[in-house]
Amino acid sequence: MEESGESDIAGYDIPAVETWISDKIEALSPPFKWTRLEGGHSNLTYRIEDTQGRLAVIRRPPMGELLPKAHDMGREWRLISALFDTDVPVPEPLGFCESPDITGAWFYVMGCVDGHPLYGVEDAEMYVPPENRVATGDSFIDVLADLHDLAPEALGLSDLGKHDSYIGRQLKTWYRSWTASIEHAEYDDRRAHEFQEYFLAKMPEQGPIRVVHGDYGLHNTLIGKDGRVAAVVDWEISTLGDPLADLGYALNQWSEPGDVIIGSPGGATTVGGFALKQYLIDRYAERTGRDLSMLDYYIAFNRWKTACILHGVYARYMAGQKSTEGVELETLRLRIESSLDKAGEAIERLEAQMSR
């Protein structure tokens, strides 16, 4: 992280934003020192330090035209505001500006949490010493369990999303993405179609809906000095849905020693000392009391969904809609195939279990 000069701070009208903060947020006193923070789905995120040394974080969408519902700052603000007084750790909500007149887009200001996301092995080794790694696993899964124990209506979030057939709607959306991408990608895989049919045929009955983060992994948590989750961030795609789909996704992000990670900086938990997946599964089951007998369905579904997302990205590269500079298309294609391989493995485990 490097301190930014005013001319380097993309997307923010510094005088207008600092005036707005001065008027709306008593806890902060401009002018600020601005420091760009990496990550966060291309959102323009800066740490700001006021004249008294107090820290906060400001966040807005990237510049340019955005897809509908993409980079939803209002949704993020609503989530951290609703969750701040619960057991789910989130940054303190300080102020939300929904007037694009200030700096061209909605933005919000939240408290600065002392912690680090873990994107890969280097982050794990740097920020989580071996003696704290057990605590990381405990905290990681406990926070997700705590989120899934909260009733949306008690949080004022019953209208955050639709209440019916979360998996069914996801299957429709991502299968449409796969089929629409085939021509530009010049690549299809019969398993994408077969698995979609399988998921439709075997879809479990949806239990009570809960808030689902949608992208819960160590890359979207801030891990504190004690190894525990100090805050969960990046709530922009959160909605209402099946908590076991959220669990399946989180488990897919949690790698084990010996796992092969293709073309990705992931795999923070492949270094020694972190919990294995089965430990996380057992702990989640104990804390929530949920039946996890169909968990491999959700694991397989999320692997398939990842393949569909990557297929769409691959198609945009192949169509010339995104620059391929520094991008290894063959590696991206291997990641699609690997995701489908892992979906198939989870389906095989599920079928074996169901036949016993």
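What the table below lists for this structure:
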| read-out | value |
| --- | --- |
| Taking the chain and dividing mean pair separation by its residue count, relative contact order in percent (alpha carbons under 8 Å, at least six apart) | 17 percent |
| Rg/Rg_globular for the stretch 248-356, with Rg_globular taken as 2.2 N^0.38 Å and Rg from C-alpha atoms | 1.24 |
| For the stretch 3-111: Kirkwood Rh in Å [reciprocal of mean 1/r, alpha carbons] | 14.2 Å |
| Shape box of the stretch 160-311 [Cα atoms, principal axes, largest first, Å] | 48, 37, 29 |
| Separation between Cα centres of the stretch 189-223 and the stretch 131-184, rounded to whole Å | 7 Å |
| Rounded to the nearest 20 debye, dipole of the stretch 3-111 from Cβ charges on Lys, Arg, Asp, Glu | 220 debye |
| Structure-based [θ]222 nm, the chain - -39500 (n - 2.57) summed over DSSP H runs of at least 4, per residue, nearest 500 | -14000 deg cm²/dmol |
| Listed residues 201, 224, 174: farthest to the positive end of the dipole of the stretch 156-227 (Cβ charges) | 224 |
| Whole-Hz couplings from phi, Karplus 6.51/-1.76/1.60, listed for the stretch 80-90; x for Gly and Pro | 5, 5, 6, 8, 4, 9, 9, 7, 7, x, 9 |
| For the chain, diffusion coefficient by Stokes-Einstein and Kirkwood Rh (Cα), 10 °C, 1.306 mPa s, µm²/s | 73 µm²/s |
| Those aspartates and glutamates that a straight Cα-Cα span of less than 18 Å connects to residue 225, excepting residues fewer than 8 apart in one chain | 114, 122, 123, 125, 131, 138, 142 |
| Pairs from 24/162; 202/342; 172/322; 162/322; 172/202 whose Cα-Cα separation, in the structure shown, is over 23 Å | 24/162; 172/322; 162/322 |
| In sequence order, calculated HN-Hα J values of the stretch 103-113 (Karplus, 6.51, -1.76, 1.60; Hz; x Gly/Pro) | 8, x, 6, 5, 8, 9, 10, 9, x, 8, 9 |
| Residue exposure sequence - 169, 78 - by fewest surrounding Cβ within 10 Å | 169, 78 |
| About the Cα centre, charge dipole magnitude for the stretch 121-354 (Lys/Arg +1, Asp/Glu -1 at Cβ), debye | 340 debye |
| Using distinct alpha-carbon pairs, which all enter the 1/r mean, Kirkwood radius of the stretch 73-203 in Å | 19.1 Å |
| 10 Å Cβ shell holding at most 12 others, DSSP loop, GluC sites (Glu not before Pro): longest site-free stretch of the chain | 206-324 |
| Share of alpha-carbon pairs per 5 Å distance bin for the stretch 121-165, given as whole % | 5, 17, 16, 16, 12, 9, 9, 13, 3 |
| Pairs of Cα atoms farther than 15 Å apart, the stretch 100-176, % | 78 percent |
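We did not get these values from a lab; they are worked out from the coordinates using the rules stated. These figures come from a predicted structure and were not determined experimentally. Heads up, the Cβs are rebuilt from the backbone with ideal geometry, glycines too, and the neighbour counts pull from every protein chain shown.
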